[in-house]
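Structure, as structure tokens:
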Amino acid sequence: MKSQRVLRIQLTVLLTLLVPSSRLLAQETKPQKNDGMEAVQYALTLASQGKPLAAIRSIENSSIEKTLASDMLATLYSVVGEWQKTHQLRSTARKNNVVSPPPEFRPRRGIDAIAEQAQGKRIVIINEAHDSPEHRRFIARLAEKLRTQGFRYYAFETLSEDAQQLKHRTYPVLSTGFYSVEPAFGQLIRDVLEMGYTPVSYEAINLGNTTSGHPTDPVAQINNREKQQCDNLMDKIFKVDAAAKLVLHVGHDHVMEAGKKAGDAEILWLAARLKVETGLDPLTIDQTTQLRRFPETQSSSLVFSTAEGQCYVGGHFSDAVDIQVYHPPIVGEQGRPSWMFADETRVVLEIPENLVASTENLLVQAFYDGEEQRAVPADQVVLRKGQPRPVLLLRPARYQIAVQDEDGHELSRTEVVVSERDR
């Protein structure tokens with residue numbers, strides 16, 4: 001069996017370099033030994049096939065290293081709406097990242113502050129944590145503001161299908177990308193397409209042999225990926241449109257404008273490379289590290305700045321990005337996270353009482369009527385035996401409500417109409 005160190009390097013490469021491309025999710029059969037990279041790839045394949053409960057069960061029952069399993073489970077729990085479980089894993093991983101701004105930095109509403117800083121910019125780069133759907137809702141709201149400033153390209157890390165095909169279809173499907181199988185990401189994609197953005201795929205294609213048992217250099221692979229991604233953005237946008245204005249949606253450290261030391265080597269992330277290649281100074285925004293330091297009464301996402309307009313950035317991203325967003329704490333209501341109730345476009349749909357998880361857990365999914373069966377759901381929740389029943393939160397529309405068992409088999413499908421009404 002491979003050492004835990006080797007497994008961690010391989011999983012880091014798979015998740016940070018390769019997961020966004022669905023072409024790599026090729027572990028179709030359950031591995032004989034439920035450990036190591038084969039187990040990881042099998043779970044990722046299940047998730048990409050629209051069987052997230054089966055993917056979760058596969059990882060929960062695996063013997064892969066605990067920290068690595070936690071990383072995957074945090075993302076998979078977020079896909080099925082189990083935000084409390086995601087939060088528990090996320091809090092453990094990020095508890096040392098939060099930094100309070102000095103007193104001279106005063107709070108401002110985040111969306112407005114960023115939109116003001118974006119004036120005159122042609123590239124806005126904002127990151128997300130892949131287990132945090134609330135980040136995607138924030139990006140959707142920001143994209144709406146930036147559209148009025150002439151931004152028209154939206155490039156996002158996970159996109160692995162043909163961008164023009166996605167634009168023509170107007171909604172994402174399971175094969176659009178790995179992270180976009182999560183409902184809030186799916187809604188973000190629908191929203192930006194409706195706003196008139198042109199989607200752009202920029203994922204690296206040839207990264208070498210990164211999933212075999214042969215020794216690899218993760219830093220070299222990361223730099224290779226960053227270079228290929230930068231080249232793709234140059235070829236698809238800036239070399240063909242001299243006035244292009246881009247919203248670039250990335251994960252974690254790809255937003256860094258400065259190089260980052262990794263032992264004796266240095267990683268030049270995508271933002272740093274794009275800054276050099278375009279000759280443009282991007283507006284870079286981190287929203288992944290400054291978490292949950294406000295009282296529960298604080299419902300707005302904030303940016304802290306001085307009277308002169310200098311924004312505070314601390315911790316891991318200090319001197320590497322322009323702006324840092326402080327998101328409010330997440331609390332629960334009717335089994336769902338508070339950020340979803342803050343979205344005034346959504347209304348509550350209670351799950352019928354006769355739908356009960358009597359012998360196994362059930363996944364209840366809401367699909368927009370008229371979208372194909374492999375579409376990304378508008379929302380989904382898990383019914384667990386003996387636990388409180390969560391609600392669905394949906395925009396007014398006609399839906400197909402599907403019920404799926406833990407193996408990913410559909411048990412029923414009914415049509416409902418969600419009307420505008422007070423929550």
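The values are calculated or read from the model by the stated rules, or taken from the named source; none is laboratory data. Given the structure is predicted, the values throughout are model-derived calculations rather than measurements. Positions of Cβ are backbone-derived with ideal geometry, glycine not excepted, and every protein chain shown enters the neighbour counts. For accessibility, only protein heavy atoms count, side chains too; no ligands or nucleic acids. Shrake-Rupley method; radii C 1.70, N 1.55, O 1.52, S 1.80 Å.
A few remarks follow.
- Taking all protein chains together, Lys145, Lys66 sort by accessible area into Lys66, Lys145, largest first [probe 1.4 Å].
- In a DSSP loop and with at most 10 other Cβ atoms within 10 Å, there are no GluC sites (Glu not before Pro) in the range 133-170.
- The magnitude of the dipole of the range 290-423, with charges of +1 and -1 set on the Cβ of Lys/Arg and Asp/Glu and taken from the Cα centre, is near 300 debye.
- Given +1 at the Cβ of Lys and Arg, -1 at the Cβ of Asp and Glu and no other charges, the dipole of the range 101-240 around its Cα centre is 560 debye to the nearest 20.
- Centre-to-centre, using Cα atoms only, the range 363-423 and the range 212-270 are separated by 37 Å.
- Sulfur and carbon atoms: percent of accessible area, the range 48-184 [1.4 Å]: 46 percent
- Global form of the range 289-423, assessed from the alpha-carbon gyration tensor, a/c cut-off 1.5: prolate
- The range 97-219 shape via C-alpha gyration tensor axes, a/c threshold 1.5: oblate
- Annotation note: GluC sites (Glu not before Pro) in the range 226-334 located in DSSP loop regions with a Cβ neighbour count of at most 16 within 10 Å are Glu296, Glu308.
- Accessible area, probe 1.4 Å, largest first, for residues Glu128, Glu350, Glu194: Glu194, Glu350, Glu128
- Taking 28 Å as the limit for the C-alpha separation, the pairs Lys121/Lys236; Lys145/Lys167; Lys85/Lys145 exceed it in the case of Lys85/Lys145.
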